[in-house]
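The values are calculated or read from the model by the stated rules, or taken from the named source; none is laboratory data. Given the structure is predicted, the values throughout are model-derived calculations rather than measurements. Here Cβ is always computed from backbone atoms with ideal geometry, including for glycine, and neighbour counts include all displayed protein chains. The accessibility values were calculated without ligands, DNA or RNA, using every heavy atom of the protein model including side chains. Shrake-Rupley method; radii C 1.70, N 1.55, O 1.52, S 1.80 Å.
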Amino acid sequence: MEWAGAKRFVIILLLILNVVLAGLNIQQKRDNTMTAAQEKAIFEVLSRNGISLYTDLKIDAKPMYRLEAKVPSYNKEDLEAAIFNGEKTKVTIGTKTVYKTESKTLTLEWDRGSFTDEIVEKGLAGLTKEDAIKVAQRKMEQMAAVFGQFESCYSYKEEDGWRVDFCSVYKDEAIFSNYFSVFVSAKGIYQLDFTYCEITGMSQEKKDICMIDEALMTFMREWNQREDSNGVAIQRLELGYDLMEQGNAAVGTGLYLEPCYRIYLMEDSQPYLVNAYTCQIVKKDVK
């Protein structure tokens with residue numbers, strides 16, 4: 001009888017504990033999600049400061065890990081298959097590593113790379129955005145064996161063609177610092193620019209991040225410091241990971257990525273970046 005009573009006591013205690021934990025999870029979810037009143041307030045504050053918002057704020061500020069990464073080393077044959085369509089290349093190794101054919105050149109420097117094809121003529125010539133994206137996506141699929149999976153994130157119409165940007169995905173999270181810009185003309189792909197670090201792991205514990213309204217207030221203060229007082233429109237908000245270290249990293253060097261908000265403005269291809277841990281603007285070199 002004593003054992004039966006003890007079992008009932010343990011079961012009841014576990015049930016109470018589960019209810020308490022469920023309540024805490026629900027409360028945390030509420031704390032990390034903006035209310036309608038908060039959304040209205042942020043729209044009004046931004047509007048009074050000349051900033052229009054043309055996107056929703058449905059980003060939950062759940063705790064996130066810090067990611068670990070390194071600059072990868074590449075196999076020559078893999079790069080030839082992925083980028084040069086199987087053509088053989090000549091390699092020059094120095095401060096930069098350069099792969100060349102008669103018309104194509106790939107230059108690698110630390111985590112950055114740039115590829116050009118001199119034969120492909122530039123120009124739009126009626127090329128639509130949809131067709132340019134399809135061409136770029138096929139190229140990204142071809143390179144997946146070396147660089148992993150990437151998702152299309154933005155497209156820009158330029159004088160020489162369309163620029164289609166991709167960022168990689170790790171465990172359902174966007175990795176902003178792992179990106180490809182694919183430049184497509186009516187004749188094909190004439191240029192690739194990219195940065196890429198190999199994700200090797202994550203920190204043991206998650207850390208709280210700031211909410212999207214706090215990130216927007218940080219952006220507003222930064223924007224108000226500009227000499228140009230013209231209004232601006234925000235058309236896109238994203239949460240993902242970006243590389244925090246500045247400068248150049250050697251192959252194999254340990255690097256760290258932290259959660260960040262990206263704030264895209266109308267007619268501006270370079271987003272503002274806000275560190276979601278510190279809620280501070282991240283100053284990065286334009287690549």
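Calculate, for TYR277 and GLU158, the FRET efficiency according to 1/(1 + (r/R0)^6) with r their C-beta to C-beta distance and R0 45 Å; round to the nearest 0.05. Show your work: numbers first, answer last.
On the way: r = 34 Å, r/R0 = 0.76.
Once the sixth-power term is evaluated, E becomes 0.85.
A 21 angstrom limit on the alpha carbon distance is what I want to check against. Which of LYS76/LYS104; LYS134/LYS187; LYS134/LYS283; LYS58/LYS129; LYS96/LYS187 exceed it? Don't skip to the end; give the middle numbers.
On the way: LYS76/LYS104 15 Å; LYS134/LYS187 13 Å; LYS134/LYS283 33 Å; LYS58/LYS129 27 Å; LYS96/LYS187 29 Å.
Beyond 21 Å: LYS134/LYS283; LYS58/LYS129; LYS96/LYS187.
In Å², and per residue, what accessible area does region 73-196 have when probed at 1.4 Å with the other protein chains present? All intermediate terms of the calculation are to be shown ahead of the outcome.
Numbers: 6400 Å² over 124 residues.
For region 73-196, the per-residue accessible area is 52 Å².
So for each of 221-227, 84-90 I average, over its residues, the number of other beta carbons within 10 Å; can you give me the resulting order with the highest mean first? Show your work: numbers first, answer last.
Working: 221-227: 11.0, 84-90: 12.7.
So the order, starting with the most tightly packed, is 84-90, 221-227.
Go through 98-104, 53-59 and give me the packing order, highest mean Cβ count within 10 Å leading. Walk me through the numbers on the way to the answer.
Values: 98-104: 15.3, 53-59: 13.6.
For the peptides 98-104, 53-59, the packing ranking is 98-104, 53-59.
Give the carbon-plus-sulfur fraction of the accessible surface of region 75-134 in %, rounded to a whole number; probe 1.4 Å, heavy atoms of protein chains only. If you can, show how the numbers build up before the last one.
Details: 1770 of 3620 Å².
Roughly 49 percent, rounded to a whole number.
By how many nm would the segment from VAL45 to GLU109 lengthen if fully extended, with 0.36 nm per residue of separation less the alpha-carbon distance? It would help to have the intermediate numbers written out before the result.
Values: separation 64, 0.36 × 64 = 23.04 nm, distance 4.33 nm.
Taking 0.36 nm per residue and subtracting the Cα distance, the gain is 18.7 nm.
Obtain the radius of gyration and the Kirkwood radius of region 73-196 from its C-alpha atoms and give Rg over Rh.
Rg/Rh for region 73-196 comes to 0.96.
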